[in-house]
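Student: One structure coming up, written as C-alpha cells, with questions to follow.
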Amino acid sequence: MLPSNSSTFNSEMNRPSRSIAQTRFRRRVLTVVLWTIAASIGIDGLVGLVFRLPADVQNQGSALQNYFDYGRSIEGKLRRLVGETSALDAPIVKAGWLSSECDTEQLLPPDKLGIDVYGMSFTNKIADEVERLNPGIVIRRFAGPGAPPNHSYACFLRRFEANRTLAPVQILGVLASSVRRMETISGLTTSFEGPTPFTYPRYSLTKTGYLEGHMPTITSEDDLRFALADPRKWSEFEGDLAVNDYFYSRSTFNSDFLDHSVIARMIRRAWGQRVVNDRTNALRPTEGFSGAPDIMPVLRAILVDFARKARRRGTRPLVILIEDRGYGGTVSAPTIPTLRANGIEFISTSSIVAPSDSGNFVADGHFTSTAFAKIAQAVLKLVGSAPVTDSSGQ
C-alpha cells in the first residue's frame, strides 16, 4: 500500500505545478496574440499613413498609393473625389454626364464632312484614326468611360429631341464588354476599383414594344455633390441603385469603418472583384447575354430607333459593333440580322481584327494603333460610299 499511497501523494503534489504551467502557457499565447494584433494594427496604420493618397484629387498618386486604396468603398472613393465645387472635383467626376456631354453645340466646318460619334474610348480612338487618315473629315465625339449602348442612345436622343444640329453621318458604337451595363444606371457599380459616377437611363420594352427609360435620381455632377451632402438624397439614390442596377452591392458600395484599414480594404477589393465577375458571368455574355433575356431585345430596339430617328433628320446612321478581347461574336451574332433587316449600315470589328488574338490588344484592353487604323479604314470606306436605301420607308 505504501507505494500506492506514495504515488497518489506525488500525483496530488504535481497538480498545482501543472495548473501553474498551463496558466503560464495560456498567458504566453494570449500575450503573443495580443502583440500580433497590436503589431498588425500598427503596421496597418503605418502603411495607410505612408501610402495615403494625395489630398489634391487632381493628383492621381503613385501606383502603390492607389494599390492600397483600391478596396475603399465606392461611396468612400466618391467622397474623396467630389469637391465642394466643380473646380475641386477629380477629372473622372466630370466625365460622361449626359447634361454636359450631350447638350453642347459644336459648330461643324462647312468645308468638311461632319460625323457625330456616340460611344466610349474605343469610338473616340476610331474617330482619331479616321481624322488622321482623312483630314477632310471632322468628328464630334459624345462619350462616357466604358459607356454602354443605353448611354450612347440617350445622348443621341437628347440631341435629337432638343432639335440640335446633327452631322450628316451619325455613328453609334456598341462595345461588347459594356453591354452588361445595360443592366445598370451608373458607371459606379461595374468599376469598383475606379468608379465612374456618370449616370444614364436603363431601358426596357413596354408591352407594345416601345422603349421606356428609367432615369436615376442623380443626373449631373452637381446633383452628385448635393446628394453626398444630403443624407436623404443619398439614401434615395442608393435605393434607386438597389432596385434598378443589377451590379449594385451594399457590401462594396457603402462607406464604413473598414475604409480606414488597409488590410480590410485589400480584402474588400478581392470581394468587389468577385461580385462584379460573378454577376457578369451570370449574364452569360459568351452566349449572347442569355442570362439576361431582356438585354438583346432592348439593344436591337435601340439600334433600330437610332437609325429611324437619324434618317428622319436627313442624316445617315451607321452602327459599329466593337467586340473586344473575350467577347467575340457576343453582339454581332444577335444584332446583325436585325441591322440587315432594317437596312442599317454596320461594321463588325471582329471581321477586321480578331478579338481572340492577343496581338490586337494593348495592356489596358484597347486595340493596338494598327488595329484601330484598320477599323478606321473600314469606316472611311463606308462613309465615302453611297448610303444604303432605307428599306423601312421611314
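Values in this text are rule-based calculations from the coordinates and carry no lab data. The structure presented is a predicted model; accordingly, all values stated were derived computationally and were not measured. Quick reminder, even Gly has a Cβ in these numbers, built from the backbone with ideal geometry, and neighbours come from all protein chains shown.
Student: From the list LEU188, LEU175, LEU228, which residue is surrounded by fewer than 20 Cβ atoms within 10 Å (Cβ to Cβ), of a type outside the set (Ser, Thr, Tyr) and in contact (Cβ under 8 Å) with a residue 40 or more places away in the chain?
Tutor: Only one candidate passes the filter, namely LEU228.
Student: Report, by residue number, each residue of segment 131-164 that is among the small types (Gly, Ala, Ser) and either within 16 Å of GLY119 (Cα to Cα) or in contact with a Phe, Trp or Tyr (Cβ under 6 Å, 6 or more places away or on another chain) (or both).
Tutor: Answer for segment 131-164, where residues must be among the small types (Gly, Ala, Ser) and either within 16 Å of GLY119 (Cα to Cα) or in contact with a Phe, Trp or Tyr (Cβ under 6 Å, 6 or more places away or on another chain) (or both): ALA143, GLY144, GLY146, ALA147, SER152, ALA154.
Student: Show the residue pairs meeting these rules: Cβ distance below 7 Å; 6+ apart or different chains; first residue within segment 275-302 and more than 12 Å from ARG181 (Cβ to Cβ); second residue surrounded by fewer than 18 Cβ atoms within 10 Å (Cβ to Cβ) and of a type in the set (Lys, Arg).
Tutor: Sorted first by the residue in segment 275-302, then by its partner, the pairs are SER290/ARG284; GLY291/ARG284.
Student: Separate question: Need pairs with beta-carbon distance below 6 Å; first residue closer than 19 Å to GLY146 by Cα and within segment 313-324, second part of a strand (DSSP E or B) and among the β-branched types (Val, Ile, Thr); sequence gap 6+ or separate chains.
Tutor: Matching pairs, first to second residue: ILE320/ILE347; LEU321/VAL174.
Student: For segment 145-157, name all the residues that are touching a strand residue (DSSP E or B) at 6+ places or on another chain (Cβ under 8 Å) and not in a helix (DSSP H, G or I).
Tutor: Listed by number, the residues that qualify are GLY146, ALA147, PRO148.
Student: Can I ask one more? State whether one or more residues within segment 158-181 are among the aliphatic types (A, V, I, L, M), part of a helix (DSSP H, G or I) and within 26 Å of ALA333 (Cβ to Cβ).
Tutor: Yes - at least one qualifying residue is present in segment 158-181.
Yes/no matrix, rows are residues, columns are (1) surrounded by fewer than 19 Cβ atoms within 10 Å (Cβ to Cβ); (2) within 26 Å of ASP128 (Cβ to Cβ):
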residue	(1), (2)
MET296	no, no
ILE302	no, yes
PRO317	no, yes
ASP324	no, yes
ILE344	no, yes
SER358	yes, yes
PHE372	no, yes
VAL379	no, yes
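Student: A follow-up question, please. Just one of the numbered conditions (1) under 18 Å from the mean Cα position of the chain (by Cα); (2) of a type in the set (Phe, Trp, Tyr); (3) under 26 Å from GLU212 (Cβ atoms) is not true of TYR327; which one?
Tutor: Failed condition: (3).
Student: List pairs: first in segment 356-370 and touching a residue at least 12 places away in the same chain (Cβ under 8 Å), second charged (D, E, K, R) and surrounded by 11 or more Cβ atoms within 10 Å (Cβ to Cβ), Cβ under 7 Å, 6+ apart or cross-chain?
Tutor: PHE361/ARG325; GLY365/ASP324; GLY365/ARG325; HIS366/LYS125
Student: Starting from residues that are part of a helix (DSSP H, G or I) and β-branched (Val, Ile, Thr), keep the ones in segment 122-144 and report whichever is surrounded by the most Cβ atoms within 10 Å (Cβ to Cβ).
Tutor: ILE126
Student: Another one. Could you list all residues from segment 87-111 that are over 19 Å from GLY61 (Cα atoms) and either under 22 Å from the mean Cα position of the chain (by Cα) or surrounded by 15 or more Cβ atoms within 10 Å (Cβ to Cβ) (or both)?
Tutor: ALA95, GLY96, TRP97, LEU98, SER99, SER100, GLU101, CYS102, LEU108
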